[in-house]
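Inspection log for the structure reproduced underneath, given as structure tokens.
The values are calculated or read from the model by the stated rules, or taken from the named source; none is laboratory data. From a predicted model like this one, the values you see are computed outputs, not experimental measurements. Here the Cβ positions follow ideal geometry from the backbone for every residue, glycine too, while neighbour counts run over all protein chains shown.
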Amino acid sequence: MNLYCQSCGMPMQTPEQFGTNKDGSANQEYCCYCYKDGEFVQDCTMDGMIEHCIKFLDEFNGGSDTQFTKEEAIAQMKKYFPTLKRWAKKE
């Protein structure tokens, strides 16, 4: 599987990481942290999501060959997030 959450960009590698639709079925577009029971867990802007995601920079850096500073990571997210379904053409 090579799926990424279309809200936060998190790689979704197992079915447990998928969000859920209203009927309880798996949603392969959004992760379990962003989408539950057919709704987004957080009502936020793209910038708000970036602020939330930057809290996990150490975890990301720990599992990556590339080590980002906070500023570099925010700059990358500001480029990447507008390509995700939730944020496309909204901000």
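Restricting attention to segment 61-91, the residues that are touching a helix residue (DSSP H, G or I) at 6+ places or on another chain (Cβ under 7 Å), among the aliphatic types (A, V, I, L, M) and not in a loop (DSSP other than H, G, I, E, B) add up to 3.
Of the residues making up segment 20-53, those that are of a type outside the set (Asp, Glu), within 11 Å of the chain's Cα centre (by Cα) and not in a loop (DSSP other than H, G, I, E, B) are Tyr30, Cys31, Tyr35, Met46, Met49, Ile50, His52, Cys53. Residue check: Leu3 meets all listed conditions (1) of a type in the set (A, V, I, L, M); (2) surrounded by 16 or more Cβ atoms within 10 Å (Cβ to Cβ); (3) touching a residue at least 24 places away in the same chain (Cβ under 8 Å) but one, namely (2). Per the conditions (1) modelled with pLDDT of 95 or more; (2) loosely packed, with under 14 Cβ neighbours inside 10 Å, the sole criterion not satisfied by Asp47 is (2).
When Ala26, Ala75 are checked against the criterion of being more than 17 Å from Cys5 (Cα to Cα), aliphatic (A, V, I, L, M) and without any contact (Cβ under 8 Å) to a residue 24 or more places away in the chain, a single residue qualifies: Ala75.
Among the numbered conditions (1) surrounded by fewer than 13 Cβ atoms within 10 Å (Cβ to Cβ); (2) free of Cβ contacts under 8 Å to residues at least 12 places away in the same chain, the only one that Asn61 does not meet is (1).
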